[in-house]
Structures are given as structure tokens and as C-alpha cells.
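Read through the structure below, which is laid out as C-alpha cells, and then see the notes.
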């Protein structure tokens, strides 16, 4: 893994984690699904325009169309949609920690349903991850936790894990920015339909809302998605997913700095344990580099 990939991975982890803080700001002033649908529409238009300017086209392979639709529904509509709704009741830091367990869920589902090998280090990582989340939840019980919001966050992480398992190896073949833009349209359409039947559009227009919406549209929405696919193409999905272990740190840090959310000592301990669990699971998937044959003397 070269320096450029490492820097891109760090940038992705920060951008991905910061989305929960900007989402928390947005849902204070606007209905969650309608605002997220609009975000995806704007991101999609920008993404497709950039793709066309780069000479890309709509001729995707069957695997790419499949990835576009699955990620558009599972990642954009379900995962982010459920998290946006949950953010009305749970703190951004807690939502980011739950979402960060996605690699652990992927490893568990792959072992249970797809016959993936679960090495001892991966099993140890899963145990650490569960223990870390339990510590964080236990430390926040005194302050009160909205379990409906927590359940929505868990359902969202599960949806993203299923999408990840469903599109293994489907991000290659070019037209990368076009795929990013089109999956935004899929998510926007799904959320627009649900919003039309379930939400009343009442918006309080403020500078905070405008800045948060612009940031979440361009940075986590468009740039982070492009960086993720770039990482998968350059270093592979396993190595790229290793950067997820930084998400709990960045998620809690950004929420603490921007939203002034309290961070107790149990949060710090739990986050460190969850991060260690994610790292252990991802490292267990990496194949050892074979040693070169010894030269004959």
C-alpha cells in the first residue's frame, strides 16, 4: 500500500465519519428523508455531469448495473435513510459508532451464510467489537438512550453489510464516477416516494442548515463515495475496508468538536475496543506475503 492510498484512506475515513455530524444538524431543521432525497439528487446530477465531462458513459456492465442498484437501495435509501431518521433521537457519535461495526457484520454474515472462513483473529475481533459496543451502551444508559433510534441505526448497518456482500468484485470496469452518480439517483427516487407518503415538508431555513446540506452533499455524499471506489480499485476491498477501524475515532471526535456532544471515559474505552475489533477482522482477511525463494549458494 503506497503513501497515496494511505492518505486517501485516511481522507475517506474522516469524510465518512463526519457525515453523521452534518446529518444531525440537517434533521434539526428539515424532514430527514426529503432532505436526504434532495441531497442525493444534487449529488447525482453533479456526479453524472463530472462523469460525462471525463468522457464516461452510461454503458455499464451487468455487474456494474447490479452494484449501482443494490448500493443505491441498500446504502443510500436504507442505510443512510434509516440513519437520518434515527438522528432525530440519537447522538451523532453513537450513530457513527454503530455504523462503524459494519465490517464486523460483514464478517459474521459471510461466515454464517456464505461459507467464508472465520480465522481465530477474526473471531477475536468480532468478540471485541460486541464488547466495545456493549461498554458504550452501558456507559450511556444513565443518560438515556432512545432504543428506536438505536434499532434504526443497527438496521441501517445490516443493510449496508448485505449490500457489501452482494456486490463483491463489481466495482471494476471503468465509468467509476458515472456509477457514483447513478446510485445517487436510485437512492433519491426511493426516498422521495417514502417521504411523499410519510413526511410533512416543514423546513426552518438557517445558515447552519445550508452549510450542513452543502457539506454532506459534496463531501461525504460525492467525494467520499468516489474515494471509496478508487480505493477498492487500487488496493482491493479488503485493504480498503481496513480504514473503517478509524471511523469510531473520527465519528466521536467530529461530533464532540462540532456539536459539543459529551464524551465520557466509557465512550473512549469502548471506541478503542471497537476499533481494535474492526482492525483485527480486516487484518485476518489479508493474505500473508510469500517470502522470495532463497538463492542457491
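Numbers below:
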read-out	value
Check on residue 126, assigned to a helix (DSSP H, G or I), surrounded by fewer than 24 Cβ atoms within 10 Å (Cβ to Cβ) and without any contact (Cβ under 8 Å) to a residue 60 or more places away in the chain	no
Test: residue in the stretch 246-261 that is closer than 16 Å to residue 20 by Cβ and outside any helix (DSSP H, G or I)	yes
Test: residue 227 is modelled with pLDDT of 85 or more and in a helix (DSSP H, G or I)	yes
Filtered residue count, the stretch 52-63, keeping only those that are under 22 Å from the mean Cα position of the chain (by Cα) and either at pLDDT 90 or above or part of a loop (DSSP other than H, G, I, E, B) (or both)	0
Candidates 49, 99, 107, 134 - the one that is farther than 17 Å from residue 20 by Cα, at pLDDT 85 or above and either part of a helix (DSSP H, G or I) or touching a helix residue (DSSP H, G or I) at 6+ places or on another chain (Cβ under 9 Å) (or both)	49
Residue 85 in a helix (DSSP H, G or I) and closer than 21 Å to residue 28 by Cα	yes
Long-range neighbours under 9 Å by Cβ, at least six apart or interchain, first residue on the phi > 0 side of the Ramachandran plot and without any contact (Cβ under 8 Å) to a residue 60 or more places away in the chain within the stretch 186-208, second surrounded by 15 or more Cβ atoms within 10 Å (Cβ to Cβ) and part of a helix (DSSP H, G or I)	none
Any hit, the stretch 163-172, residues being modelled with pLDDT of 85 or more, touching a helix residue (DSSP H, G or I) at 6+ places or on another chain (Cβ under 7 Å) and surrounded by 15 or more Cβ atoms within 10 Å (Cβ to Cβ)	no
For residue 234: the one exception among (1) part of a helix (DSSP H, G or I); (2) at pLDDT below 85; (3) buried (at least 16 other Cβ atoms within 10 Å of the Cβ)	(3)
Qualifying residue in the stretch 174-182 (condition: closer than 12 Å to residue 36 by Cα, under 18 Å from the mean Cα position of the chain (by Cα) and either surrounded by 20 or more Cβ atoms within 10 Å (Cβ to Cβ) or at pLDDT 85 or above (or both))	no
Members of the stretch 84-105 that are surrounded by 24 or more Cβ atoms within 10 Å (Cβ to Cβ) and within 13 Å of residue 164 (Cβ to Cβ)	99, 101, 103, 104
Answer residue from the stretch 1-46, given it is touching a residue at least 12 places away in the same chain (Cβ under 8 Å) and part of a loop (DSSP other than H, G, I, E, B) and is nearest to residue 188 (Cα to Cα) among those	31
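Let's see how each residue does on (1) surrounded by fewer than 20 Cβ atoms within 10 Å (Cβ to Cβ); (2) farther than 23 Å from residue 85 by Cα; (3) over 19 Å from the mean Cα position of the chain (by Cα):
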{"position": "198", "(1), (2), (3)": "yes, no, yes"}
{"position": "204", "(1), (2), (3)": "yes, no, yes"}
{"position": "215", "(1), (2), (3)": "yes, no, no"}
{"position": "240", "(1), (2), (3)": "no, yes, no"}
{"position": "275", "(1), (2), (3)": "no, yes, no"}
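The values are calculated or read from the model by the stated rules, or taken from the named source; none is laboratory data. Worth saying up front: this structure is predicted, and the values here are computed from it rather than measured. Because the Cβ atoms are built from the backbone with ideal geometry, glycine has one as well, and the counts that use them run over all protein chains shown.
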